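Chemist: Got a structure for you, written out below as structure tokens; questions coming shortly.
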Amino acid sequence: MEPLAFLRCLDCLYAIPLIFATSFVYAASRNENTQNLVYYALRMSATLGFFMVLTFVVMMILF
């Protein structure tokens, strides 16, 4: 095992812009009102981020 293998976990930070982009595109396709769009996109980002972190933790435990 490499001594700095834990730094590979930092590669997960690339998912943050993808989560925001996906959320805003999805919200924009559902809403036209700007206030609703931002609220829905932030809520969707939190949901996606939560499930991605949950999946990551489960995989770290199992593997």
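Chemist: For I61, state whether it is touching a helix residue (DSSP H, G or I) at 6+ places or on another chain (Cβ under 6 Å) and part of a helix (DSSP H, G or I). If you could, list the steps in order and put the result at the bottom.
Modeler: Values: touching a helix residue (DSSP H, G or I) at 6+ places or on another chain (Cβ under 6 Å): no; part of a helix (DSSP H, G or I): yes.
No.
Chemist: Within segment 7-47, which residues are more than 26 Å from M60 (Cβ to Cβ) and among the hydrophobic types (A, V, I, L, M, F, W, C)?
Modeler: Within segment 7-47, F24, V25, A27, A28, L37, V38, A41, L42 qualify.
Chemist: I'm trying to understand the selection: among the residues of segment 1-35, which are among the polar types (S, T, N, Q), farther than 18 Å from L48 by Cα and either outside any helix (DSSP H, G or I) or at pLDDT 90 or above (or both)? Working first, answer last.
Modeler: Of all residues in segment 1-35, those among the polar types (S, T, N, Q) come to 22-23, 29, 31, 33-35.
With farther than 18 Å from L48 by Cα added as a condition, the list becomes 31, 33-35.
Scanning segment 1-35 gives N31, N33.
The values are calculated or read from the model by the stated rules, or taken from the named source; none is laboratory data. Just so you know, these numbers come straight off a predicted model, no measurement behind them. With ideal geometry, Cβ positions are generated from the backbone for all residues, glycine too; neighbour counts draw on all protein chains shown.
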